[in-house]
1. Could you check, for region B:43-50, whether at least one of its residues is aliphatic (A, V, I, L, M), within 26 Å of A:Gly145 (Cβ to Cβ) and open to solvent by 30 Å² or more (accessible area, probe 1.4 Å)?
2. When you check B:Ala55 against the structure, is it within 12 Å of chain A (Cβ to nearest Cβ), open to solvent by less than 10 Å² (accessible area, probe 1.4 Å) and at negative phi, yes or no?
3. Would you please name the residue that is nearest to B:Arg45 (Cα to Cα), looking only at residues in region B:83-106 that are over 20 Å from the mean Cα position of the chain (by Cα) and surrounded by fewer than 13 Cβ atoms within 10 Å (Cβ to Cβ)?
4. Please verify whether B:Ser6 is under 22 Å from A:Leu119 (Cα atoms), in contact with a helix residue (DSSP H, G or I) (Cβ under 9 Å, 6 or more places away or on another chain) and crowded, with 20+ Cβ neighbours inside 10 Å, treating the condition exactly as stated.
5. Please find, among B:Ala28, B:Ala10, B:Ala105, the residue that is facing chain A (nearest Cβ under 10 Å), over 21 Å from A:Arg158 (Cβ atoms) and without any contact (Cβ under 8 Å) to a residue 12 or more places away in the chain.
6. Output yes when any residue across region B:126-136 is among the charged types (D, E, K, R), at negative phi and surrounded by 15 or more Cβ atoms within 10 Å (Cβ to Cβ), and no when none is.
7. May I ask you to list the residues in region B:108-164 that are within 11 Å of chain A (Cβ to nearest Cβ) and among the polar types (S, T, N, Q)?
8. Does region A:64-75 include one or more residues that are within 14 Å of chain B (Cβ to nearest Cβ), in contact with a helix residue (DSSP H, G or I) (Cβ under 6 Å, 6 or more places away or on another chain), under 28 Å from B:Arg158 (Cα atoms) and open to solvent by less than 20 Å² (accessible area, probe 1.4 Å)?
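The values are calculated or read from the model by the stated rules, or taken from the named source; none is laboratory data. Note that the structure is a prediction, hence the values are computed from the model and not measured. Reconstructed Cβ throughout: ideal geometry from the backbone, glycine too, with neighbour counts over all protein chains shown. With ligands, DNA and RNA removed, areas are computed over all heavy atoms of the protein, side chains included. Shrake-Rupley method; radii C 1.70, N 1.55, O 1.52, S 1.80 Å.
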Protein chains: 2
Amino acid sequence: MPNSDSQFAAAAIVSWKRVISQIDKGLAGWSDADLQSEVAPGRNRLYYLLGHLTAVHDHMLSLLRLGDRLYPNLDEQFIRQADRTFLGPQPSPSDLRKAWTDVHARLTPALERLSPAELLERHSAISEEDFVKEPHRNRLTVLLGRTTHAAMHEGQMRLVRPSK
Amino acid sequence: MPNSDSQFAAAAIVSWKRVISQIDKGLAGWSDADLQSEVAPGRNRLYYLLGHLTAVHDHMLSLLRLGDRLYPNLDEQFIRQADRTFLGPQPSPSDLRKAWTDVHARLTPALERLSPAELLERHSAISEEDFVKEPHRNRLTVLLGRTTHAAMHEGQMRLVRPSK
């Protein structure tokens, strides 16, 4: 019987992996042309949400102190700006698919390697001094927050049916 | 400094409460007429998703062994059947709003009263014998799963802008 800490940690990681694999399943069904579909009239395209989640998750690498970011170049188009407003050169759908895959191939195993105690360590956006007063600002709460954020967007993405 | 078990448990509850309060915020903005809006053309109405989440969360009371269900009558229309297919008498929007409020007024405090060890106890859909072999089938994993399920639908619901 695993100890309770490791049960809690494992459950958080399983929840994360479920949401990511649901998005992977969607991506396997949508063609590159489908990625241009809006999730609802006038709302974000799949293309944008894919870039948005990739950028947000890439940022988790540094925020959770798991290594250097792979795609900081996505932030301007997919975090700071809204869909269809960015005027610079844009990644192709296949570039974005590759970025999505690369980020999760790096991030998820790094999360799995954290011990329960390491999951409760501070994230990089809080100082050691402040963390003493606010111990909930740890990797775990970032992970849970990003999991529900991804689930929220996955719910929107699944509104687009594959054209095949 | 709280011990690590209670930090994990608290983080799971906070994540649940954030998603529920996000839906509460939506409900405060949508009129009863807005609840008839579909989240995307041909997809579920807000009315249906509100009933669906209320029924699923009401079921958590019994599944997590926290007490008797309050609204088992919602299951047929909002879990077993798809939107617009149920032919029996239907709750009004204000009935559904009340049910949503009642269920969470009962459920969330009951979740908060569970100790970390109690969160890792089995849920009611698994026998004590099977739980020995599958200790991950506990209240916590149900809670995390329902949290991402609610977040997924909340992402769809937020596509409907309040008419006011």
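1. Taking every residue of region B:43-50 in turn, none turns out to be aliphatic (A, V, I, L, M), within 26 Å of A:Gly145 (Cβ to Cβ) and open to solvent by 30 Å² or more (accessible area, probe 1.4 Å).
2. no
3. Filtering first and then ranking leaves B:Arg84.
4. So B:Ser6 fails the test.
5. B:Ala10
6. no
7. Listed by number, the residues that qualify are B:Ser115, B:Asn138, B:Thr141, B:Thr147, B:Thr148, B:Gln156.
8. Among the residues of region A:64-75, not one is within 14 Å of chain B (Cβ to nearest Cβ), in contact with a helix residue (DSSP H, G or I) (Cβ under 6 Å, 6 or more places away or on another chain), under 28 Å from B:Arg158 (Cα atoms) and open to solvent by less than 20 Å² (accessible area, probe 1.4 Å), which makes the answer no.
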